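Input: a single structure, listed below in structure tokens.
The numbers here are math on the coordinates, done by the rules we state, and not lab data. No experiment lies behind these values; they were computed from the predicted model shown. Positions of Cβ are backbone-derived with ideal geometry, glycine not excepted, and every protein chain shown enters the neighbour counts.
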Amino acid sequence: MSFVFTLAAHLLGLLVILLFVAFLGYSAYLKYVHLKYDHIPGPPRESFFFGHSFIIWRTMKNDDLTHDLFLKWAERYGSVYKINLLHHVLVFITSPESVKEILMSTKYTKDLFLHKRLFSMFGQRFLGNGLVTAREHDQWYKQRRIIDPAFSSLYLRTLTGTFNEQAEKLMAKLADVADRKSEARMLELVNRVTLGVIIKVAFGMDIELLENASSPFPAAIETCLKGMVHNIRNAFFQYDPRNRAFVEEVRAACKLLRSTGAEWIRNRKSALQGDGGDVPKDILTQIIKSAGKEESMTQEDEEFMLDNFVTFFIAGQETTANQLAFCILELARHPDIQKKAQKEVDDVIGMKREISYEDLGKLVYLSQVLKETLRVYPTAPGTSRDLVDDIVVDGVRVPGGAISIFSSYVSSKLERFFENPKEFNPDRFHPDAPKPYYCYYPFSLGPRACVGKNFAQMEAKLVMAKLLQRFDLVLAAGQSAEILDLGTLRPKSGVVCAVTHRKHCGP
């Protein structure tokens, strides 16, 4: 027995020594990282080991917007600054020349840290290796090649009928609100209509989300988004026992989206193989047909298709809904801009209920309003890349090995790029106005720019045109322009509006 105790004591002592050596090694590595990057401007670290992590966590705990913190630092430290999160170094870059150099090139891959956090959440596969997260160029390019035809301008022209159909459901709901002289929670309503669009247009399904408040999809998407923020910004979140119930909710939400996607893809493939099912001409059909033209499709490629299914649910619906909600918020806050946009809609569309692709192209001022909305409220606020080699940003040497952060939220609010950046001014994007030079990129830039950009803007413009055609919007008391960060940015207040029929569109 004494031998056992002696052996256990020796093993425990050895373990303590190993842990101490590991601690010293990690401390030495952190010191090396600090020495390597400390010549780059940036806010002082609060902790040798945790760097700026506590500042980020406090900001989130106080329900403040971390992007405003990044903006404050950019205003103080200039076009390149760094922060530390444990042993990770994040270098924020707003220099247009460096933004162009890095984002327009295929040389710089999506960063590994973010990839791991989005690949899975709390052990459950989330976005996997889909278009947004794939790091290897060949892996990404094959997926892009398969998906591109489904987002071509030729195909998008065929979708206006579905966009009109889904938007009409929202108009009917708002007409009822106006008749009852009640208020509408616009964020919730546009969320449901954009989800209805993506389900119909992308996957050929018809789910009456505007009427069916019990649908699990909106809640699952919101749960995934909340989980995503915690998973990215707090490496220890899932290990806190107080978060166990929420972590399980996130895992279940991820499983729901992926299992639904697997079922829909399986059914569509069966229908395409002639098993008697209907084969709608939607994005899913286009993608499966494009995949069939590839020389080889592995089981891994099939998993990528499911990754992109979840990506479409998150990126294809959430960001557009948030843009619409922010646009409604600003139009309600600026009645003069609302009236000007309404006049353009009246001149171009009149009383037509079916808006055509050609009509949308003539709504120039509405395009300016939507672009300005994304300047003030970039719903996907930024992107990141791994820096493998040393680069120089505005005279500051940035050694390779860091993560470079590009924030459209920060760039679009800097005085050196936009005069009076806090002012909502659609004339910034007048056709004759100077074009922003690599400081406005709400859909990212370069080869990895959002494949669904034109889809999203076509949908947003059509919904807003119908809305402006028929209703006047006034914000309810207590509404604000505060922003809630769930990975994507959304209005914190929900954009509650009094909705009234315009005189020529009365009940």
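On the principal axes of its alpha-carbon atoms, the chain has extents of 91, 60, 45 Å, going from largest to smallest.
Placing +1 on the Cβ of each Lys and Arg and -1 on the Cβ of each Asp and Glu in the chain, which of A178, L225, W57 has its Cα farthest towards the positive end of the resulting dipole? Ranked along the dipole, the leading option is W57. Note on L486, L154: ascending count of other Cβ atoms within 10 Å places them as L154, L486, the fewest first. Each Lys and Arg contributes +1 and each Asp and Glu -1, all at the Cβ; summed about the Cα centre of the chain, the dipole is approximately 440 debye.
Between the listed residues G274, L90, G400, the Cα displaced farthest toward the positive end of the dipole of the range 38-505, a dipole computed from Cβ unit charges relative to the Cα centre, is found at L90. Evaluating 6.51 cos²θ - 1.76 cosθ + 1.60 at θ = phi - 60° for every residue in the range 157-170, the Karplus couplings come out as 4, 7, 8, 4, x, 5, 4, 4, 4, 5, 5, 5, 5, 5 Hz, glycine and proline recorded as x.
Near the amide H of V499, within less than 5 Å, lie the amide hydrogens of A184, all on another chain or at least 5 residues away, with H placed in the peptide plane. Here the range 335-469 is treated as a Stokes sphere of Kirkwood radius computed over C-alpha pairs; at 25 °C and 0.890 mPa s its diffusion coefficient rounds to 145 µm²/s. Going by neighbour counts of Cβ atoms within 10 Å, the residues K352, K181 line up, fewest first, as K181, K352. Remark on F471: its backbone amide H falls under 5 Å from those of R502, a criterion applied only to residues 5 or more positions apart or on other chains, H modelled at 1.01 Å from N.
Phi angles across the range 34-48 convert, under the Karplus curve 6.51 cos²θ - 1.76 cosθ + 1.60 with θ = phi - 60°, into 3J(HN,Hα) values of 4, 5, 5, 10, 6, 6, 7, x, x, x, x, 5, 8, 8, 4 Hz, Gly and Pro given as x.
About the Cα centre of the range 22-63, what is the dipole size in debye to 20, counting +1 per Lys and Arg Cβ and -1 per Asp and Glu Cβ, all else neutral? Magnitude of the dipole: close to 60 debye.
Rounded to the nearest Hz, the phi-derived 3J(HN,Hα) couplings of the range 486-502 under the Karplus curve 6.51 cos²θ - 1.76 cosθ + 1.60 (θ = phi - 60°) are 10, x, 8, 9, 9, x, 5, 7, x, 6, 7, 10, 7, 10, 10, 5, 5, where x marks glycine and proline.
Ranking F471, A321, I40 by Cα position along the charge dipole of the chain, where only Lys, Arg, Asp and Glu carry charges on their C-beta atoms, puts I40 farthest toward the positive end. A convex hull fitted around the alpha carbon atoms of the range 1-126 yields 196 Å³ per residue. Taken about its Cα centre, the range 1-132 carries a charge dipole of about 240 debye when Lys and Arg each add +1 at the Cβ and Asp and Glu each add -1 at the Cβ. In this structure, the amide hydrogen of H88, modeled 1.01 Å from its nitrogen in the peptide plane, lies closer than 5 angstrom to no residue at least 5 positions away or on a different chain.
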